[in-house]
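The values are calculated or read from the model by the stated rules, or taken from the named source; none is laboratory data. Bear in mind the structure is a predicted one, so any value in this text is a computation, not a measurement. Quick reminder, even Gly has a Cβ in these numbers, built from the backbone with ideal geometry, and neighbours come from all protein chains shown. Ligands, DNA and RNA are stripped out before the accessible areas are found, and what is left, the full protein with its side chains, is counted by its heavy atoms. Shrake-Rupley method; radii C 1.70, N 1.55, O 1.52, S 1.80 Å.
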Amino acid sequence: AKVAVDDTQTATVSVKVRESVVGDGTDYNGNRIELCLKRNDGLGITEDMVLDTATASSEGAFETLEGTSPVVTDNGVLEFYIRCDGTTGWINIEDVVVS
């Protein structure tokens, strides 16, 4: 998700995530799903940041992840993304809300 932000402001994103389980056909075998903020040097964000990490609650059921960016140092666009690393199974993402 991308969101425009003004100097000295923050942006908040929430998203529902779910890991597949054996009952779906294949179990997701990776680390927990993470909500991340992409690096943007022009806005004062000097590295990718993990804002929230799923728990075991995301196994077979939706869990809401939420995070807020640091205060930005200029007008621009922030980019939020979901990180997963499984080699079997899948994740589901829905209801992305940015403010």
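Summary of computed values
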| item | result |
| --- | --- |
| Within region 18-59, tally of residues that are hydrophobic (A, V, I, L, M, F, W, C) and under 12 Å from Y81 (Cα atoms) | 7 |
| Leading residue by the ranking (modelled with the highest pLDDT) among those in region 75-99 that are over 21 Å from Y28 (Cα atoms) and assigned to a loop (DSSP other than H, G, I, E, B) | N75 |
| Pairs, first touching a residue at least 40 places away in the same chain (Cβ under 8 Å) and charged (D, E, K, R) in region 22-44, second surrounded by 12 or more Cβ atoms within 10 Å (Cβ to Cβ) and outside any strand (DSSP E or B), C-beta under 6 Å, six or more apart | D27/V21; D27/G89; K38/D48 |
| Failed condition for V72, given (1) of a type in the set (A, V, I, L, M, F, W, C); (2) part of a loop (DSSP other than H, G, I, E, B); (3) open to solvent by 40 Å² or more (accessible area, probe 1.4 Å) | (3) |
| Count of residues meeting criterion [more than 14 Å from the chain's Cα centre (by Cα) and over 13 Å from G89 (Cα atoms)] in region 16-40 | 1 |
